[in-house]
Each structure stands twice: as structure tokens, then as C-alpha cells.
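What follows is one structure encoded as C-alpha cells, with my remarks underneath.
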């Protein structure tokens, strides 16, 4: 048995039949731990490395399962038919999958050995020498660029954005298929000027052709209640479809292909 199959990590969810997290029909594996604390995070149960208990429909449920690559693969193989027919595969999300470099690259390796396409959803907040461990087994990167202004980025996420932007440039020249995603958050980055600035940054990245605007929603609010945590975005209303369309039109002025969602 290959040694990399023995690599152990910590996950908190597996979502099947996804069509919005990379090409084709995909299974998403959610990894525990994230260095960011985005105010709008819809997976707060994945932020901390330690397992957490959350009330779900009034019943406590523990989020955080230690598992090896070898133990996890049978769960992913179940939907191999859909991957092969649709060009789909496995997407690692979180939390932040770059925060588990002794597990995630080995999981991607195993998926590539099975012939599945691989993708990650990432904040990009990690040292590049660690990210390089992922690249040999990675087809697609779906990376958030949340804001151009570093001070505002830190105020809403807890970290500066210089490393993130530097890594976006490196991803763009690494050979992976890079899509930029923008969670559009009222009070944070939803002005035409802010969206246009992000789109122009994305358009400046060599080889990057796609930018997705992800509308703000409050679907994760109940999780904060279940964790006994305050949801500080409680009073922020989602944007109208017409307003999102106006931001889309602004982003398209950069020349990059843009869409809402995805």
C-alpha cells in the first residue's frame, strides 16, 4: 500500500452531486481549519481545527472527523460514474484546504490516481512553498479575491491580502486552471468601484479568463446560533437581482468573462 494513502487529516462534511464547485458533477470534501475569520462565513463549524459541537434541528452534532486518505476514498468512489460521464471529480473546500498540507495533497494524489479531475476552493492564504505541494495533483483552482484594499480586507476577514494577491499571480502562471471568485458582501465590497477594481485585478492575471460574483446570503446564520456564536451580519440584507446585474455589468468592463454564481 502506498504510504500517501496513510496520510491522516480532519474533515467536517462531504457534499455529493455538486455542480457549482468546478466542472461536471463533483463531490466536495470539507476540511477543518481556516486562518481567516470572514464575518459572512457560511461554514463556521469548519473554522477551528478542533472538533466542535453544533446544534442541528435541536440535536447536538459533532463536526470534525479524523480520517486517512485510504479510509476516505471508498466514500468518493461511490459516485465515479457521475465523475466520468460529466468530466467531474473531487473538490476540496473548508475551512481552508491549504491549512492541511500533510493530508490534502495526498488526497488529491489518490484522486488523480483514480482518474478524477481535482479542484480546490481556497482563500489563497498560505506560504507558496506549501502550496507547491498541491500543484502536481491539481487541475482547477477556485480562488477568492475579496477586496483590493488590504486594510478593509483585514477588518472583515482578520488578515491582510498581500499574500493572497501574490499567490493569485503565482497560481495564474502555474499551469492550473484558475477561476477568481468574489463573494459580494454589502458594507464590504459591493460598490461598483470595488467590484471593478477586483475585476481589473483578475483581468491582469495571465491566463485567467473567468470571474464569478457570488451573491451574499444568510444561509449559514442558523449555524452560528447552533454554535452559540453571534452572527454579526444579521442585519445585512441580501442584494436584489437587479443590483447584482449592475455589478456584473461593471465587472465586465474589465474585459474578463464574468458571471453571477458558479
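Side notes on the structure shown:
- Subset of the stretch 204-245 (residues that are outside any loop (DSSP other than H, G, I, E, B) and in contact with a helix residue (DSSP H, G or I) (Cβ under 7 Å, 6 or more places away or on another chain)): 211, 213, 215, 223, 224, 227
- For first residues located in the stretch 241-258 and on the phi > 0 side of the Ramachandran plot and in contact (Cβ under 8 Å) with a residue 24 or more places away in the chain, partners that are assigned to a loop (DSSP other than H, G, I, E, B) and surrounded by 15 or more Cβ atoms within 10 Å (Cβ to Cβ) and lie 6+ apart or on another chain with Cβ distances below 8 Å do not occur.
- Considering 120, 90, the condition of being modelled with pLDDT of 95 or more and more than 30 Å from residue 150 (Cα to Cα) is satisfied by 90 alone.
- Yes/no for residue 201 being at pLDDT 95 or above, in a helix (DSSP H, G or I), more than 30 Å from residue 55 (Cα to Cα) and touching a strand residue (DSSP E or B) at 6+ places or on another chain (Cβ under 6 Å): no
- All positions within the stretch 75-104 that are crowded, with 24+ Cβ neighbours inside 10 Å and free of Cβ contacts under 8 Å to residues at least 60 places away in the same chain: 98
- Single match in 219, 211 (criterion: within 19 Å of the chain's Cα centre (by Cα) and modelled with pLDDT under 95): 219
The values are calculated or read from the model by the stated rules, or taken from the named source; none is laboratory data. None of these values were measured; they are calculated from a predicted model. Quick reminder, even Gly has a Cβ in these numbers, built from the backbone with ideal geometry, and neighbours come from all protein chains shown.
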